[in-house]
Amino acid sequence: MYTISGAPRGWRVLLGLAFKGLSADVIYLKASKKEHRQPKFTALNPRATVPVLTNDHGVLRDSIAILAWLDRAYPEKPLFGHSPEAAAEIWQLTMECCDYLREANRQLLVPVFAGDGSPQEEGSEAARQLNAAAELAHAECLYLEGILSDGRAYLCGDEPSAADAIAFPEVRLIQRAMETKPNLMASLGFGHPPDLYPFVAAWKARLNNDPRVEATMPTHWQAPQPAH
């Protein structure tokens, strides 16, 4: 599997593998060196995007396609449910998170991670755009809060599914932004999200504390080892 550390679409597949108890040889491309645009990789994926999964049957180049293939190739611990009803619920939420949560996070977190962490000047165009993006992200968090408010452990039931594999990287990236840009995120209303979204916070903590999930965390988040 080819991905980039922290890329949410690649992270989805890492989580899908983890939820199913599977493993893959993971090759982390360096975005800073544009390795995903080099001929060796574009021969696998002309669109120069991650993730890409290679196997004995060929090449898969889309995170959702990979998750669907994993479920057919390895039907144990299904990511898309045991019944038509469960599959419908999981597919619906999976695609909603792909369409809406991912886009809200893109608008919010690209400028947050690219900046120095200082709140934008009040009244500026940059502040207006960032506040609008934050409103979208808050709306998506509130949507997940409603889904989780019935006491379910995961987004679609008692076991993690493809919907969790899609949503968790996005919510965890918001947490990462809070950890690395606390002042800016607080100015956008993300200072104390457990108070705002307690059910989402409990769901995120449940996954954060799962050793399978911990093993998928972005490699560049790991603290450097002290020199000896």
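The values are calculated or read from the model by the stated rules, or taken from the named source; none is laboratory data. Note that the structure is predicted; figures quoted are calculated from it, not measured. Every residue, glycine as well, gets a Cβ built from its backbone with ideal geometry; the counts of neighbours run over all protein chains shown. Quick note on the areas: whole protein, heavy atoms, side chains included, nothing else; ligands and nucleic acids left out. Shrake-Rupley method; radii C 1.70, N 1.55, O 1.52, S 1.80 Å.
Miscellaneous remarks
- Here the simple spin-label model places points 7 Å from the Cα toward Cβ, and for Arg206 and Ala31 these points are separated by 2.9 nm.
- Among (i) 55, 46, 41; (ii) 78, 41, 35; (iii) 65, 36, 31, the entry that matches Cα extents along the principal axes in Å as calculated here: (i)
- Rounded accessible area per residue of the chain, 1.4 Å, Å²: 54
- Label point 7 Å beyond Cα of Ala132 along Cβ direction - residues of region 104-125 with amide nitrogen under 20 Å: 104-115, 119-125
- Estimated at the nearest 10 Å², the accessible area of Ser83 is 40 Å² with a 1.4 Å probe.
- Top of Lys20, Lys34, Lys77 by mean-square fluctuation, Gaussian network on the chain, Cα under 10 Å: Lys34
- All lysines inside 30 Å of Lys34 as judged from Cα atoms, apart from same-chain residues fewer than 8 positions distant: Lys181
- Within a Gaussian network of the chain (alpha carbon springs, distance under 10 Å), most fluctuating of Asp71, Asp56, Asp116: Asp56
- Portion, in percent, of the accessible area of region 78-228 that falls on carbon or sulfur, probe 1.4 Å: 54
- Calculated log₁₀ intensity ratio I(q)/I(0) where the Debye formula runs over C-alpha points of region 1-74, q = 0.12, 0.22 Å⁻¹: -0.29, -0.95
- Region 1-134 shape via C-alpha gyration tensor axes, a/c threshold 1.5: oblate
- The chain, relative contact order in percent, only Cα pairs under 8 angstrom and at least six apart counted: 24
- Descending Cα extents along the principal axes, region 102-173, whole Å: 45, 20, 17
- At full extension, Gln175 and Ala88 could sit 28.4 nm farther apart than now, given 0.36 nm per residue minus the alpha carbon distance.
- Simple spin-label estimate for Glu122 and Ala48 in nanometres, 7 Å along Cα-Cβ: 4.2
- Largest GNM mean-square fluctuation across Pro211, Pro51, Pro182, computed for the chain with C-alpha springs under 10 Å, falls on Pro211.
- Residues whose amide H comes within less than 5 Å of that of Ile27, counting only those at least five positions distant or on another chain, are Tyr2, Thr3 (H built at 1.01 Å from N in the peptide plane).
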